[in-house]
1. Working carefully through the options P104, P141, find the one that is surrounded by 12 or more Cβ atoms within 10 Å (Cβ to Cβ) and outside any helix (DSSP H, G or I).
2. Right, I70: at pLDDT 90 or above and under 21 Å from the mean Cα position of the chain (by Cα) or not?
3. How many residues does the range 7-64 contain that are over 22 Å from the mean Cα position of the chain (by Cα), of a type in the set (S, T, N, Q) and open to solvent by less than 80 Å² (accessible area, probe 1.4 Å)?
Amino acid sequence: MTRDTTSVGGAIASALERAEELRRLSDRPARVRIMTIFGDDRSGLTINARIAARTPAEHGTQEGLGTRCIPWDELDARAGEIVGLVDEVVGEVTLAVRNTPPVPRPSRSEDDLELAVFDDLIGEIGQTITQSALSVLEKHPAKQVSRELGSEAAMLAALKFAALAAYTGHVGLDDAQDELRMAMREVMSNMRASPELARRPSLGA
């Protein structure tokens, strides 16, 4: 029993070392997890790999991939496969991400898009979000928090909303980060041009 346990434990240790080696070799490293699962159709030792998606398409293309399971009653006999399974799952998700076709943003792919109407839509949604945030800050039990803390809470909520909107709108992480940088530069520019804006007591006022 001790020999068998050591064999499985040693194989898992070697598999984790292999996962770390593969992570260092890749510019898009996979996160490898080796888990014990009980009580369902995957009951046993499960090896899973996932690459952090930069676009909704990369997220979707990895669904159902990168997972292998060795049932408990086969684990001792198949311990020698564990390192190889790490290679399999990492290779599977790496290939899937590499072959994911790029999905252009709707604003860059819809031929009948009217930019003026799109800009108006952005402005109206922005005003609605700002008004909703101000309403919550005025009515929430924690309404006595500082202006800075309220602004931080609004920022975090807006980022979560933006992440959801980016996902459903097929906007990748790189594009979303670029838009955030541009928005920050615009705000900073407005503040430099009109310092009195920074002294106003409420968001967007």
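1. Of the residues listed, the single one that is surrounded by 12 or more Cβ atoms within 10 Å (Cβ to Cβ) and outside any helix (DSSP H, G or I) is P104.
2. Details: at pLDDT 90 or above: yes; under 21 Å from the mean Cα position of the chain (by Cα): no.
Answer is no for this residue.
3. Residues that pass the stated criteria total 4.
The values are calculated or read from the model by the stated rules, or taken from the named source; none is laboratory data. In this text, all values refer to a predicted model and were calculated from it rather than measured experimentally. Here the Cβ is made from the backbone with ideal geometry for all residues, glycine too, and neighbour counts use every protein chain on show. SASA here: full protein model, heavy atoms, side chains in, ligands and nucleic acids out. Shrake-Rupley method; radii C 1.70, N 1.55, O 1.52, S 1.80 Å.
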